[in-house]
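Worksheet: one structure, shown below.
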Amino acid sequence: MKYECGSCKDPMAFQGAEEATGGVLRIAFRCPNCGLQIFLIANPQEAQLVKSMGITLGGREGHRPLGLVRSTLKGIREELSPSRDDPAGEDELEE
Amino acid sequence: MGIAFDVVSQVSEQRERVRASLSRIKHKVAIMSGKGGVGKSVVTANLALALAHKGFSVGILDADVDGPSIPRMLGVGGQRLDIEAGRVIPPAATFNIKVASVALLLSDEETAVTWEGPNQSAFAWRGAMEMSTIREFLADVQWGDRDLLLIDLPPGTAQLHNLVELVPELAGAIVVTIPSQVAKATVKRSIDFAGKLGVPLIGLVKNMDGFLCPQCATPIDLFPSGDAREIAADYGLPFVTSVPFDPSLASCSDRGSPYLLLFGDSPAAEAFRSIAGRIADFLEQPPSPGF
């Protein structure tokens, strides 16, 4: 899914996403041609649903093993917390 | 230029990770029942031991995300999943059975499985989170080369549907029931649903089928009625065996001791070997169309 600039008919570029208060997600897009900027506001439930599907806003990030489970499960063992991950541990798809 | 929601390509990449991870496992078999409390996990754990004893290399995915119990039953409850070089290393139980479960991530056994997220309308996303959990376990655990992966499903039918989406090459499912009328109706629904999904049913197992008197070995019924053979016949699937209730089986499960090794001559151990035999035969001889 993407947005199109109403004036230029160009696809708008994803600029970034930030979590506002109360879990509301604010996602910014900008037209690369005319600079028009729009913001998509997702409520906490919508934002969580997308996250729960393992979808990353703005496209792919490096893969972390059990990344979604470890970042979302409450009461996880401290040593398995994603904050302990070595960035070099991220892998690519392998056969 | 980044794309905000390249959902299709991300989902397709997720599926590819699952496919690649499972490509080294020859057969995937689900253990299911529409009803809770029929002893599915006990059957799964002991079936894994029987299959491994028979020479199969086995893994178990505890797909009961909300009520994981497999690690304790196989004696690896105190262990944890290790993360090395971008892969999740599962602990190995007796006979090198690899075990993956949410329980191995939690700080202690009594911690409930709950997720960070908004409490309001949590029903809207909790199901997606459970499916993602199963997907990540399938994709990220280093199962290695295995003959068999047993997938212990939670009660109900929803996760079977999700599993078929994630593992279209699922070889089949074993259905577990108990001899009661309530279980009969519920299990019939799950058999019907599996048929609609096109999941081959390997056979029906009647668990907790009577209790043998420790003094004289006379069978005593634990439930008033419910004939699993009738269910099997109604749906044209093989009735595999009855597993009698055995207090030693319950205590071995609690302790994480391998019942099959400690009580190998018992009727229940014989029943687990017979289920393993049925699976082995089934995998050697795929079902005919329409089975």
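Laid out as a table, the results:
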read-out	value
Selected residue [at pLDDT below 85 and at the interface with chain B (Cβ under 7 Å from one of its Cβ atoms)] from A:Leu66, A:Leu73, A:Leu57, A:Leu49	A:Leu57
Scope the stretch A:17-42; condition within 14 Å of the chain's Cα centre (by Cα) and within 9 Å of chain B (Cβ to nearest Cβ); matching residues	A:Ala17, A:Gly23, A:Ile27, A:Phe29, A:Leu40
Residue check, B:Ser257 surrounded by 13 or more Cβ atoms within 10 Å (Cβ to Cβ), modelled with pLDDT of 85 or more and part of a loop (DSSP other than H, G, I, E, B)	yes
Residue within the stretch B:24-32 that is farther than 27 Å from A:Leu49 by Cα, in a loop (DSSP other than H, G, I, E, B) and touching a Phe, Trp or Tyr at 6+ places or on another chain (Cβ under 9 Å) present	yes
Leading residue by the ranking (farthest from the other protein chains (Cβ to nearest Cβ)) among those in the stretch B:108-124 that are over 23 Å from the mean Cα position of the chain (by Cα) and among the polar types (S, T, N, Q)	B:Asn119
Test: residue in the stretch B:194-215 that is assigned to a helix (DSSP H, G or I) and crowded, with 20+ Cβ neighbours inside 10 Å	yes
Residues of the stretch B:33-79 satisfying the condition of being in a strand (DSSP E or B) and within 21 Å of B:Ser257 (Cβ to Cβ)	B:Val58, B:Gly59, B:Ile60, B:Asp62
Residue check for B:Val102: within 11 Å of chain A (Cβ to nearest Cβ), crowded, with 18+ Cβ neighbours inside 10 Å and more than 18 Å from the chain's Cα centre (by Cα)	no
Residue that is surrounded by the fewest Cβ atoms within 10 Å (Cβ to Cβ) [pool: residues in the stretch B:64-93 that are aliphatic (A, V, I, L, M) and more than 13 Å from chain A (Cβ to nearest Cβ)]	B:Ala92
Hey, B:Pro154 at pLDDT 90 or above and either buried (at least 20 other Cβ atoms within 10 Å of the Cβ) or away from every other protein chain (no Cβ under 14 Å) (or both) or not	yes
B:Glu270 being more than 18 Å from B:Val43 (Cβ to Cβ) and in a helix (DSSP H, G or I)	no
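The values are calculated or read from the model by the stated rules, or taken from the named source; none is laboratory data. Keep in mind the model is a prediction, meaning the values are calculated, not measured. No Cβ is skipped: glycine too gets one built from the backbone with ideal geometry, and neighbour counts run over all protein chains shown.
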